[in-house]
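The values are calculated or read from the model by the stated rules, or taken from the named source; none is laboratory data. Please read all numbers here as calculations on a predicted model, not as lab measurements. Cβ placement follows ideal geometry from the backbone for every residue including glycine, while neighbour counts extend to all protein chains displayed.
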Amino acid sequence: MKSTVEISAQIPFNSSLPMILPKTPQLTSEQIAEITAIVGEFGCTLQPIIGTVRTIYAIVGDERDELMINRLEGLAYIDRIDRIQSPFKLMDRRSDLANHRVKIGGVTLGRELLIMAGQCTIDPKNPHYFIETAHAVKEAGAQVLRGGVWKPRSNPYSFQGDNKSLDILMDASRRTGLPVVTEVMEPEHIQLALDAGVTVLQVGARNALNYSLLRQIGRAIAGRDTAVLLKRSLHMGPLNEFISAGEYIAAFGNPNVILCPRGTTPTMDGYRNHPDESITPLLKEKTWAPVVVDPSHSVGKAIYVPACALAAVAYGADGLVIEAHVSPSHGIGDDPKQALTPAVLAGLITQAHAIHSLRQSAS
Ligand code: PEP
Ligand code: MN
């Protein structure tokens, strides 16, 4: 039987080559010369793959360069370019880091379910609530304590956080022995948090596309054990955009990046955001990075949090980050509406472990 696609004898066929698909069955010699010159500027060569009805052209070399692709896509006779090669050098599932494991507080993500829990916002005027919450989330089974020191608020007149809360966070960490996660929004926060001993820096949804901050974090954590909990921005479309934000951090040498779906643009009444824990299996097809889902900001109301959290584990999440408070009505920030009480958190953690074990035994 005659094959429909014939590969030029001199080309080592490589399924990861990006392909140029022209609008016509084949390119003219002038068009081939023009394209060859463009890819040549970027150190690549062009190889035709001759079919009976159509010829397509493989770019051989490292085709990640945006400018080269943009110039080729700008040619009137090109239909499209199928980019098969991953744009991520480090975060890709097939990269050299594929076996990298992120470890926090003795938990290896991917093996054991990681639970981070604590207040949305630490109230610097009432530190005892945070200390009590810290002990309570530990008792409930959390292995990492969350506490917001600096807060990104939609309203400029709302409480914005306080450096004093960093001392409260670290005091709670020392008393409980739990590592802590807190959000950083400015270069000054990064240094203060690292100097204080914060183990996980959170990049919030509003800053996940702030490439300058991502680079500053990457630079600051290089050579340390610090990890980064990178939330998904509401403005991220394709999943590659989310993973690329992680690549910005990893590019400086510390690949301890955790991807955190936290709900995307709301599309219906009821939930604060549109729950997006279902992207977990899709992320895992593309990247080795662990996924820790935030059900609290996803659904935005304590009564809906357990269902969303359990769904996330069923979808394959490696962990959860959950807002909890010993007395939600005395909380500030999101806590009055989103925080779970320690009793609800404890029940949820037990169920989450059960689902995680089921998944582990099935795989
Ligand atoms: C938070 O964790 O309290 C927070 C503000 O999260 P997000 O950036 O996901 O809105
Ligand atoms: Mn919050």
- Query: Can you spot a residue in the stretch 140-156 that is in contact with a Cys (Cβ under 9 Å, 6 or more places away or on another chain) and either under 26 Å from S361 (Cα atoms) or free of Cβ contacts under 8 Å to residues at least 60 places away in the same chain (or both)?
  - Reply: yes
- Message: I need every pair where a residue in the stretch 299-310 that is under 16 Å from A346 (Cα atoms) has its Cβ under 9 Å from the Cβ of a residue that is of a type in the set (F, W, Y) and surrounded by fewer than 21 Cβ atoms within 10 Å (Cβ to Cβ), sequence separation at least 6 or different chains.
- Response: Y304/Y271; C308/Y271
- Cβ-Cβ below 7 Å, separation at least six or inter-chain, first residue in the stretch 29-48 and without any contact (Cβ under 8 Å) to a residue 12 or more places away in the chain and under 17 Å from I81 (Cα atoms), second crowded, with 17+ Cβ neighbours inside 10 Å and of a type outside the set (S, T, Y): which pairs? T36/L46
- Task: Hey, could you check the stretch 225-239 for residues that are part of a loop (DSSP other than H, G, I, E, B) and charged (D, E, K, R) and say which is surrounded by the fewest Cβ atoms within 10 Å (Cβ to Cβ)?
- Result: D225
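Can you say whether E247 is crowded, with 19+ Cβ neighbours inside 10 Å and either assigned by TED's automatic domain parsing to the domain that holds P281 or not charged (D, E, K, R) (or both), as far as the supplied structure shows? It would help to see each step written out before you state the result.
On the way: crowded, with 19+ Cβ neighbours inside 10 Å: yes; either assigned by TED's automatic domain parsing to the domain that holds P281 or not charged (D, E, K, R) (or both): yes.
It is true that E247 is crowded, with 19+ Cβ neighbours inside 10 Å and either assigned by TED's automatic domain parsing to the domain that holds P281 or not charged (D, E, K, R) (or both).
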- Task: Search the stretch 157-179 for residues being aliphatic (A, V, I, L, M) and touching a residue at least 40 places away in the same chain (Cβ under 8 Å), and hand back the single one that is nearest to ligand 2 (Cβ to nearest atom).
- Result: L169
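Which one of V137, V144 is within 16 Å of P179 (Cβ to Cβ), under 21 Å from the mean Cα position of the chain (by Cα) and more than 12 Å from ligand 2 (Cβ to nearest atom)?
Selected residue: V144, the only one of V137, V144 that is within 16 Å of P179 (Cβ to Cβ), under 21 Å from the mean Cα position of the chain (by Cα) and more than 12 Å from ligand 2 (Cβ to nearest atom).
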- Name every residue in the stretch 305-333 that is under 22 Å from the mean Cα position of the chain (by Cα), within 16 Å of ligand 1 (Cβ to nearest atom) and of a type outside the set (G, A, S), in order of residue number. V305, C308, L320, V321, I322, E323
- Query: Could you list, in sequence order, the residues of the stretch 130-161 that are touching a strand residue (DSSP E or B) at 6+ places or on another chain (Cβ under 8 Å) and charged (D, E, K, R)?
  - Reply: K138, R146, K151
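Take the residues of the stretch 167-182 that are touching a strand residue (DSSP E or B) at 6+ places or on another chain (Cβ under 8 Å) and surrounded by fewer than 24 Cβ atoms within 10 Å (Cβ to Cβ): which is farthest from V107 (Cα to Cα)?
Going residue by residue through the stretch 167-182, those that are touching a strand residue (DSSP E or B) at 6+ places or on another chain (Cβ under 8 Å) are 168-170, 172-173, 176, 178-182.
Pick out the ones that are also surrounded by fewer than 24 Cβ atoms within 10 Å (Cβ to Cβ) and you get 168, 170, 173, 176, 178-179.
Working: I168: 24, M170: 20, S173: 16, T176: 16, L178: 12, P179: 11 Å.
So the residue we want is I168.
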- Message: One residue is enough: does the stretch 335-356 have a residue meeting the conditions of a type in the set (G, A, S), within 14 Å of ligand 1 (Cβ to nearest atom) and under 21 Å from A134 (Cα atoms)?
- Response: yes
- Return the only residue of G105, G148 being over 23 Å from E247 (Cα atoms) and within 16 Å of ligand 1 (Cβ to nearest atom). G148
- Do you know which residues across the stretch 149-167 are over 16 Å from L201 (Cα atoms) and not in a helix (DSSP H, G or I)? R153, S154, N155, P156, Y157, S158, F159, Q160, D162
